[in-house]
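Below: the structure, in structure tokens.
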Amino acid sequence: MFDFIRKHTKVTMALLFLLIVPSFILFGLDGYNRSRDKGVAVARVDGNDITQAEWDRAHQNEVDRVRAQMPTLDIKLLDSPEARFATLERQVRDRVIAVAADKLRLTTSDQRLARELQQSPEIASLRRPDGSLDMERYRQLLGSQNLTPEMFEANVRADLSRRQVLAPLAASAITGTADADLALNAFSA
């Protein structure tokens, strides 16, 4: 067998080339692309990963938002490991709240969405004198934020559902000892 390989090296190399290269293309590149697209998971919430790329993107959005609000802020403060970790904590917290809203099946009705949009100061500024909404300016406003009206309304619905999760927590806040003493003294007097 080795004599055959030694005598016919070109044929053997061509045969190996035909076997190895296509298998690398079919399996090797696909596995490489899947691992590259998925990225390294930095956190997991309810079985869904937060990848390094998502974290980086969220942190960059946070930096852009803060710099737009405070242009004189030192950029080094926003690139610290503590700031990056705070962004990850916000991502995890938002996902936990979204999962809780989903598991509790909390939804927002169309009427509640309409009330919320009517109370929004940005949307109220787009009203015409007759009270109707200027849809062209509405689309322009959302377009400047890279949103469609459907995407914006879905974001508002999700935000309202998250508020439904947080409302009972805010209502059950622990009172201070002075307030508790005052209430107990009034009760026992």
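Assorted remarks:
- Across region 130-137, computed HN-Hα scalar couplings (Karplus, 6.51 cos²θ - 1.76 cosθ + 1.60, θ = phi - 60°) run 7, x, 7, 8, 7, 5, 5, 5 Hz from first to last residue, x flagging Gly and Pro.
- For region 37-142, trypsin sites (Lys or Arg not before Pro) meeting the loop criterion (DSSP other than H, G, I, E, B) and having at most 11 other Cβ atoms within 10 Å: Arg105.
- Each label point was placed 7 Å from the Cα along the Cα-to-Cβ direction; for Gln118 and Asp3 their separation is 9.7 nm.
- The charge dipole of the chain, taken about its Cα centre with unit charges on the Cβ of Lys, Arg, Asp and Glu (plus for the first two, minus for the last two), comes to roughly 760 debye.
- R0 of 30 Å, Cβ-Cβ distance Ala171-Lys76: FRET efficiency to nearest 0.05: 0.15
Computed from the coordinates by the stated procedures, all read-outs in this text should not be read as laboratory data. Keep in mind that this is a model prediction, so the values were computed, not measured. A quick note on method: Cβ atoms are made from the backbone with ideal geometry, for glycine too, and the neighbour counts reach across all protein chains shown.
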